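A short worksheet on the structure shown next.
Here, each number is a calculation from the coordinates, and none is a lab measurement. Just so we're clear, the structure is a prediction, and the values are computed from it rather than from any experiment. In this analysis, Cβ positions are derived from the backbone assuming ideal geometry, glycine residues included, and neighbour counts consider all displayed protein chains.
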Amino acid sequence: MSRKKDLNKEIILYVVFGVLTTLVNFLSYLIFIKLFSADYKVGTTVAWFLSVLFAFGTNKVFVFQSRQSSIVVISREFGSFLFSRVLSYGLDIMTMILLVSLIGINDVGAKLIANILVIIFNYMASKFFVFKSRRG
């Protein structure tokens, strides 16, 4: 398959699994704040954790097709993935604080905006930092 087709397939898969990851994140957030009456910062943190676990598996296997199976490589990939997701968590929580606490936007609307920024950041980090060893 050509490089352009590979890239298009990768982007489509990333969007599909990004949407699913976003759903995990967003639904986890809503459930946590609505069922447990948690603060939006706590809900964001729990949602982040659950979506990171989901995203690592789907990105590794389906999107970037990293077939690396040694414990060393998987550990390195997960470490890099976790580091990039900690950075995106910072983007997520800071966006939420900015939009909710400082600007006064509704937390659900702010969460949608934050997720858009996080999706873009996460794709770039995964493609060029986490799963880069797949490319030849």
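From the list Phe64, Phe49, Phe36, the lone residue that is touching a Lys or Arg at 6+ places or on another chain (Cβ under 8 Å) and either surrounded by fewer than 19 Cβ atoms within 10 Å (Cβ to Cβ) or in contact (Cβ under 8 Å) with a residue 24 or more places away in the chain (or both) is Phe64. Identify all residues within region 88-109 that are more than 21 Å from Asn122 (Cα to Cα) and touching a residue at least 40 places away in the same chain (Cβ under 8 Å); write none if there are none. Val100, Asp107 - these are the residues of region 88-109 that are more than 21 Å from Asn122 (Cα to Cα) and touching a residue at least 40 places away in the same chain (Cβ under 8 Å).
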